[in-house]
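Step one of this worksheet: look at the structure below.
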Amino acid sequence: MLDLGFVRDNLPLIEEKLRQRGMDPAEVLKDFRVLDTERRRLITVAETLKAKRNRASEEIARLKKEKQDAGAGVLMAETKELRAQGDEAEKQAAQKEEELRDIMARIPNIPHASVPVGTSAEQNAEVRRWGAPPKLDFTPKPHWELGEQLGVLDMERAAKLSGARFAVYWDLGAKLERALANFMLDLHTREHGYTEVLPPYMVNSASMYGTGQLPKFAADLFKCENADLWLVPTAEVPLTNLYRDETIEASRLPLSVTAYTPCFRSEAGSYGKDVRGIIRQHQFQKVELVKFTRPETSYDELEKLTNNAETVLQKLGLHYRVMALCTGDMSPSSAKTYDLEVWLPGQQLFREISSCSNFEAFQARRANIRWRPEGGKKSEFVHTLNGSGLAIGRTWLAIVENYQQADGSVLIPAALQPYMGVERITARKF
């Protein structure tokens, strides 16, 4: 969420940034200026009436002390009327504030000056590439064919159990998922300075609001019936909200945490997209990276976080590129986002495997996460960052497609062999 005073004083800038995101300022801001003006007027009216009532109360006390009960009685009637008028003004001001808060909750973050301007993914800018595609002397297959032929990926039984957009992994397929999670957590905790956390997989509405999933993306989430609990769409939500309504001491910043969790998404609006394989699932596993930083260092930390995610791909020997998302392709909460896109030879395309974002104070303001500078100065909002480090399922399929062999087997990258205990996945039936 943006600061109310900032929005009030910079409406032309906000309107320009909304247009850069491909949004209609009139639709997002609605009656912001009218509501804000009327709310402040009503607050002034209520405060003025309260001051009059206080003065009248003092006068009543003086008259009673001087035994002038008649005059005191008249003033008491006036005080009652002032109270009624003041209460009504406060009620109306609260109503305007609620309407204003709803508008503020829907205004997206302001893109950083370095973000390319564009309305769709076609305007994203490539920053760099690493590695090269594997040299295969045969026609590579997509992971859904390989997984089925190897007997490690079972979409048919998953559909029987749960429906579309679910997967069952067998044997070394399941072990590869587990190996990837352990490998990533070990890398980030041992070499990159993150603290591992095991958070709940269900969170309340306040947590979803704090990171920006609510109210805008309610349709993309799974809610538990008869409870204020939502299945987490990403570990970003519980990890960021660990410090909701808290003040972090300056000496602890930057504070870096990581978690491995399942993620649950309804994939609303994705009907007909990526229906084959495990690209877009209702349930998938992910290792998440989250940072809390001082405002002045957050963009340096964004580069570090992105490099941390890249290291996973490098150690696995997977060709990828880094894309700076344009204004129209970023999430509403983000001020700047890098996407890591891994090469998939079975599909002959790059596919997103991680998004690394700096939210600046946008989430911290919603979740009231602060830090206190040295010297006991007034607390400020931290900057929050997060990124996938990485999405397990997409890393799984990237390995299967990139390390496939002509005989249909799949080699295991050297970095994963200590976790797997084997060097190759070969066909088996279950």
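The values are calculated or read from the model by the stated rules, or taken from the named source; none is laboratory data. On a predicted model such as this, the values are computed, not experimentally measured, just so you know. Cβ sites come from the backbone with ideal geometry, for glycine too, and all protein chains shown count toward neighbours. Remember, those area values only see protein heavy atoms, side chains included, never the ligands or the DNA or RNA. Shrake-Rupley method; radii C 1.70, N 1.55, O 1.52, S 1.80 Å.
Checking the a/c ratio against 1.5 first, then a/b against b/c, what shape does the Cα gyration tensor give for the stretch 290-336?
It is oblate, given that a/c is not under 1.5 and a/b is not larger than b/c.
Can you give the local net charge around Asn241? Use residues other than it whose beta-carbon is closer than 15 angstrom to its beta-carbon, Lys and Arg +1, Asp and Glu -1.
Within the 15 Å Cβ shell, the charges total 0.
By DSSP, what percent of the beta bridges with both residues in the chain are antiparallel, rounded to the nearest 5?
For the chain, the DSSP antiparallel bridge percentage is about 90.
Less than 13 Å Cβ to Cβ from Leu187, Lys/Arg counted +1 and Asp/Glu -1: what total charge do the surrounding residues give? If you can, show how the numbers build up before the last one.
On the way: positive: Arg190, Lys315; negative: Asp186, Glu191, Glu196, Glu310.
Surrounding charge for Leu187 is -2.
Which entries in the list Lys286/Lys378; Lys175/Lys429; Lys304/Lys336; Lys30/Lys273; Lys17/Lys91; Lys96/Lys216 go over 25 Å, if you measure between the two C-alpha atoms of each?
With Cα atoms farther than 25 Å apart: Lys286/Lys378; Lys30/Lys273; Lys17/Lys91.
What Rg and what Dmax come out for the chain when only alpha-carbon atoms are used, in angstroms?
In Å, with Rg to one decimal and Dmax whole: 27.7, 108.
Whole-Hz Karplus ³J(HN,Hα) for the stretch 191-208, in order, using 6.51 cos²θ - 1.76 cosθ + 1.60 and θ = phi - 60°, x for Gly and Pro?
Using θ = phi - 60°, the values come out as 10, 10, x, 8, 9, 6, 10, 10, x, x, 9, 10, 9, 8, 5, 4, 5, 5 Hz.
At 7 Å along the Cα-to-beta-carbon direction for both Lys315 and Glu122, put a label point, then send me their distance in nm to one decimal.
3.9
What number, in percent, do you get for the relative contact order of the stretch 290-394 if the mean sequence gap of Cα pairs under 8 Å and at least 6 apart is divided by its residue count?
Once divided by the residue count of the stretch 290-394, the mean separation gives 32 percent.
Carbon and sulfur together cover what percent of the accessible area of the chain at a 1.4 Å probe radius? Don't skip to the end; give the middle numbers.
Details: 10170 of 20650 Å².
Answer for the chain is 49 percent, counting heavy atoms of protein chains only.
Which cross-chain or sequence-distant (5 or more) residues have an amide H under 5 Å from the amide H of Glu246, H modelled 1.01 Å from N in plane?
Sorted by chain and number, the residues that satisfy this are Arg370.
Please turn the phi angles of the stretch 47-62 into ³J(HN,Hα) values with the Karplus equation 6.51 cos²θ - 1.76 cosθ + 1.60 (θ = phi - 60°), one per residue in order, whole Hz, x for glycine and proline.
Karplus values, whole Hz, x for Gly and Pro: 5, 5, 5, 5, 5, 4, 5, 5, 5, 5, 5, 5, 5, 4, 4, 5.
Pairwise over distinct Cα atoms, reciprocal of the mean inverse distance: report the Kirkwood radius of the stretch 85-171 in Å, one decimal place.
20.0
How many Å² of accessible area per residue for the chain, probe 1.4 Å?
Computed with neighbouring chains in place, this is 48 Å² per residue.
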